[in-house]
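The next block holds one structure in the form of structure tokens; read it before the comments.
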Amino acid sequence: MTPSADNAVLVAGVGMTPFVGFRNDASVRDMVAEATRAAFIDAGLGSSSTIDMGVAAYESDHFNRQMSLGQVLSDTVGLTGKPVIRVEGGGATGALAIRTALMAIRSGEARSVLVFGGETNGRSVDRSTAIELLSMSADFEWETPVFGTFAAPYALMITEHMRRYGTTAEQFAEIAVKNRRMALDNPLAHRGMSITVEDVRSSAPLSDPYRLFDASLLSDGAAAVLLATGDWAERHSPTSSDRPPVAILGSGSATDRPRLSDRPEQMFPHFAAKREASTRAYREAGIDDPPGQIDLAEVYDSFSGAELQAYEDLGLCPVGDGGQAAAEGRFDQGGQVVVNPSGGLMGRGSAVGATGIAQAVEVVSQLRGEVTAARQVPGARIGITDTHAGVGSLSVVNVFGMVG
Amino acid sequence: MRVTGTEWVVGPDGRAVYLLGVEMAQRYRHAVGSSSPFYEGLERGVLRSTRCRECGASWFPPRRFCEAHLTETDWYDLPGTGTVTAATRVHSPPPFGGIDPPYILASIRLDGVTGGITHRVMGAETPEHGAAVVVKFIDEAPAHPLLAFAFTVEGVTP
């Protein structure tokens, strides 16, 4: 079931800044302005006056040094007077903002919604402060006192995955290698690298079996997308009629217990919320054979093993087969589904509020055939984004595809 | 809040850009609220949790109300034993300090309750899945009250 452009929610424009370690020349509002301007140009808009509302995506008042940032960003991008909703969903913040905009358009509340997100997760915040702030994403009463970085709960999950399914550290190290290599072909990526499995395994230990190169990056960056009805796009976005339209075909979200250790033991090494979110999103999009129908996926590779687990929980391979899939390169460029052609959080980087939006920028640009030749997935027609908060306490999966 | 300094630096395009050094310190009186009886238990060396007065369901961590019916819960003492689901050696200290890395962290399913806890296991060896552990009160002046206890693998002297 592919929606026609008449009733679909279209992506009329996309834009993002480079993700970098520290933008010493830009505040978070500057970056959001840059990303939004890029989305405006992409949509061919002359002014913001025709946009019905804004959705502001950012995770942390502490990282950004600004409360009520939604209104500040809304003002910065020229939406003063229009309604704005600030959305927060941990690592899933950006994707949840897109989902919120989708719901606003589906409900009839708005015909066009500008989604803009940004975060200064990079080196403007000193390392010990960043670790302290991020540790509050765990359960402050029951978890934060006993572990300081998310390497620990991710390590517990993958340890059990290794025991149950024979998954190896070398298999998930392949993912760390793949995503950094993919990022070399993305001019907006934070840090592409050419490394080996041995480099990953010999990097500094974080929480066994995870090492430094199994982890993702903290970046400064922003991203924006403009969602609209077909009617609105036809009337206000001249570029939208010049290219094959990309629509949101489906969206799903679900939650899980925020703490790892009180989840049902059977699901311990799995992202239950991701399974549910993807099932719902696929149902809306008419996807019944994910690896056969999905061409590319931007997946939440906060840790290398989390991408491996996501292969399974997103239905891209059977449960327990993620390690084998990673070793075979089944989700590498040229594989069955290309996962993280942008470089993912490990290579493109992660500025939390922008991350799920930047994934959408990559997927939409891929579907339009507009990315650099080296990372272009040939003939891509359907792509998904996958993000989660914590170790899967909230998951959002959005499905994008060509219409018409 | 205070400004710790200002500087002009060279931006990516070669132009001079201005930076402010800012320092903020937050201080709180954090109410643990309905979990207070858990901390009372720690003072007498037991782990406690809650169960529903109506349906008998129990959870760890404790809950203010039954998750299914939002009805009252009662406190009870746990045996303090459990089973390891997975364990890892962590190479950085927890945010409140109190443990020198590397240290062993485990996901532990607790006996006598549905649920479990992610917590420290004493000793240098990483326990296997299925290892039986028992709570041990180790510190009368911990860096955080939750670090007053840790677990030990049964039959192993740390």
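Pairs of Cα atoms nearer than 8 Å and 6+ residues apart set the relative contact order; for the stretch B:59-158 it is 26 percent.
For the stretch A:1-117, the average shadow cast by the Cα convex hull is 8.2 nm², which is a quarter of the hull's surface.
Farthest towards the positive end of the charge dipole of the stretch B:33-153, among the residues B:45, B:33, B:130, is the Cα of B:130, using unit charges on the Cβ of Lys, Arg, Asp and Glu.
Mind running the shape call on the stretch A:266-332? Use the C-alpha gyration tensor, a ≥ b ≥ c as the square roots of the eigenvalues: rounded below 1.5 for a/c, prolate if a/b tops b/c, oblate otherwise. In terms of gyration-tensor shape, oblate. For chain A, take the longest principal axis of its alpha carbons; what is the angle in degrees between that and the long axis of helix A:28-43, to the nearest 10 within 0 to 90? The two axes meet at around 60 degrees. Simple rule: put +1 on each Lys or Arg Cβ and -1 on each Asp or Glu Cβ in chain B, find the dipole, and look at B:61, B:76, B:19; the Cα lying farthest toward the positive end is B:19. Packing here is the average count of other Cβ atoms within 10 Å per residue, and on that basis the peptides A:47-53, A:88-94, A:252-258, highest first, run A:88-94, A:252-258, A:47-53.
For the protein assembly as shown, the Cα gyration tensor yields ellipsoid semi-axes of 40, 26, 24 Å (square root of five times each eigenvalue, largest first, whole Å). Across every direction, the projection of the convex hull enclosing the Cα atoms of the stretch B:84-158 has a mean area of 5.0 nm². The fraction of Cα-Cα pairs per 10 angstrom bin, counted from 0 for the stretch A:114-232, comes to 11, 31, 35, 17, 5, 1 percent, rounded to whole percents. Highest-first packing order for the peptide set B:126-135, B:15-24 is B:126-135, B:15-24, based on the mean count of other beta carbon atoms within 10 Å. Here each label is just a point 7 Å from Cα along the line to Cβ, and for residue A:289 and residue A:107 those points are 3.8 nm apart.
Computed on chain A, with alpha-carbon pairs under 8 angstrom and 6+ residues apart, the relative contact order is 27 percent. Relative to the longest principal axis of the Cα atoms of chain A, helix A:272-285 runs at roughly 40 degrees. Relative to the longest principal axis of the Cα atoms of chain A, the long axis of helix A:93-106 makes an angle of roughly 40 degrees. The H on the amide N of residue A:250, modeled in the peptide plane, is under 5 Å from the matching H of A:399, each at least 5 residues off or on a different chain.
Across every pair of different alpha-carbon atoms, what Kirkwood hydrodynamic radius in Å does the stretch A:21-76 reach? Roughly 12.5 Å, rounded to one decimal. Approximating the spin labels as points 7 Å out from Cα along Cα→Cβ, the residue B:40-to-residue B:13 distance works out to 6.4 nm.
Highest mean packing comes first when the peptides A:214-224, A:124-134 are listed by Cβ atoms within 10 Å, giving A:214-224, A:124-134.
Charging the Cβ of each Asp and Glu at -1 and of each Lys and Arg at +1, and nothing else, the dipole of the protein assembly as shown about its Cα centre rounds to 580 debye. Eigen-decomposition of the gyration tensor built on the alpha-carbon atoms of the stretch A:226-322 gives equivalent ellipsoid semi-axes of 33, 15, 12 angstrom, largest listed first. The mean number of Cβ atoms from other chains found within 10 Å of a Cβ in peptide A:155-163 is 5, as a whole number. For the stretch A:41-171, dividing the convex hull volume of the Cα atoms by the residue count gives 192 Å³ per residue.
Each listed q (0.17, 0.23 Å⁻¹) maps to a log10 I(q)/I(0) for the stretch B:33-153, found by the Debye formula over equal Cα scatterers with no solvent: -0.86, -1.31. The mean count of C-beta atoms from other chains within 10 Å of the C-beta of residues in B:117-123, rounded to a whole number, is 4.
Accessible area of residue A:377 (1.4 Å probe, protein heavy atoms only, ligands and nucleic acids ignored): about 10 Å². Per residue of B:91-100, how many C-beta atoms from partner chains lie within 10 Å of its own C-beta, taken as a mean? Per residue, the average neighbour count from other chains is 6.
The helix-only estimate of mean residue ellipticity at 222 nm for the protein assembly as shown, built from DSSP H runs of length n ≥ 4 each weighted as -39500 (n - 2.57), is -8000 deg cm²/dmol after division by the residue total.
The values are calculated or read from the model by the stated rules, or taken from the named source; none is laboratory data. Fair warning: this is a prediction, and the values are worked out from it, not measured in the lab. Here the Cβ is made from the backbone with ideal geometry for all residues, glycine too, and neighbour counts use every protein chain on show. Accessible surface areas use protein heavy atoms only, side chains included; no ligands, DNA or RNA. Shrake-Rupley method; radii C 1.70, N 1.55, O 1.52, S 1.80 Å.
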